[in-house]
Amino acid sequence: MKDPETFTSDSVLSCENYVSGDNLRNLKLFTKIVKPLRINLFSVDDFNLDNVSELISTEEAREYSVTSLVEMCNKTVGKKFDLIDFKQTICDAIISVKFDTRILISRKTLEEDSIENLKRKLFELRDKYEIIAVKSDDIKVLKWAAHDRRVDYISVDLMSNHLPIDNALCSLMKQHNKCFELILSPLLLSDNKGVSAAIRFGKKIFKLISSTNIQFILTMKPETCYQLRNGIQIRYLAQLLDIPFNKSKMSVFDTQLLIALKNTMKLDKSNLVAGIKEAS
């Protein structure tokens, strides 16, 4: 087995894309669990940019190396930047401190039953969160969300009894470069009947996704920090849905980081146009 310090960033860095703020109440316990798992990136649901900023300013957060993507960007980005190179810079920065950095990203998951409600929430919230995800059982709402530039993900729960996804939605997702987010926790937390239903449902979804080669990301959506899994574990679990291991590499860190970086830079007041920041 390789020494942990000799791993490349691609092989060790993981993201939990849908973590509850309740998991962060005991930062000492949270850090104790995520450090050996080498999970360094977290999208915290219902934490806006101010919430994240307030948390990372505490003495406890500094003690356990908890920071924000905004802070990481401020430390590493120059006046001009390329997004792909910038992503690698962030990865290298994490690696350079031996995986001892937890980066929090603000996230909001909107669960709306009408397009009008979704429009209103997006208008109110887009500049307060780095990531916006949408969940809905209404295919019309999802199709509208797929073309709106303020939406980053459409989130899919494998425990849903309804499949609000069709070829037309997949085509829209592909056209507008959006991601599906697949929540895998039912594969571990359900009874035998529930697991079987989640597997059947997940296979149907992935068949639609793969037929149009749409980006997807994987998450556990852990209710407690004990349910956290790293990227390798999540990718193995996803094989139950017929997601090939070699097709899921980007879905547990790289895609999430790229989308979050793009949005973080857009929200930065010093960002003039894509790839250029105002000189300080």
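The values are calculated or read from the model by the stated rules, or taken from the named source; none is laboratory data. Quantities reported herein were computed from a predicted structural model and do not represent experimental measurements. Don't worry about glycine lacking a Cβ; one is built from the backbone with ideal geometry, like all the others, and counts go over all protein chains shown. For the accessible areas, the whole protein counts, side chains as well, though only heavy atoms, and no ligand, DNA or RNA atoms are used. Shrake-Rupley method; radii C 1.70, N 1.55, O 1.52, S 1.80 Å.
Before moving on, here are some points about what is shown:
- Close contacts from segment 24-53, counting a first residue that is within 27 Å of Glu124 (Cα to Cα) and in a helix (DSSP H, G or I) and a second that is open to solvent by less than 40 Å² (accessible area, probe 1.4 Å) and acidic (Asp, Glu), with Cβ to Cβ under 9 Å and a gap of 6+ residues or different chains, come to Leu49/Glu130; Val52/Glu130.
- Those residues of segment 218-233 which are assigned to a helix (DSSP H, G or I) and surrounded by 20 or more Cβ atoms within 10 Å (Cβ to Cβ), in sequence order: Cys225, Gly231
- Residue within segment 234-242 that is on the phi < 0 side of the Ramachandran plot and in a loop (DSSP other than H, G, I, E, B) present: no
- Output for segment 102-129, where each listed residue is aliphatic (A, V, I, L, M) and assigned to a helix (DSSP H, G or I): Ile115, Leu118, Leu122, Leu125
- Breaking point among (1) surrounded by fewer than 16 Cβ atoms within 10 Å (Cβ to Cβ); (2) within 25 Å of Glu54 (Cβ to Cβ), for Ala133: (1)
- Comparison of Asp148, Asp191 shows that the only residue that is more than 19 Å from Ser251 (Cα to Cα), open to solvent by 50 Å² or more (accessible area, probe 1.4 Å) and acidic (Asp, Glu) is Asp191.
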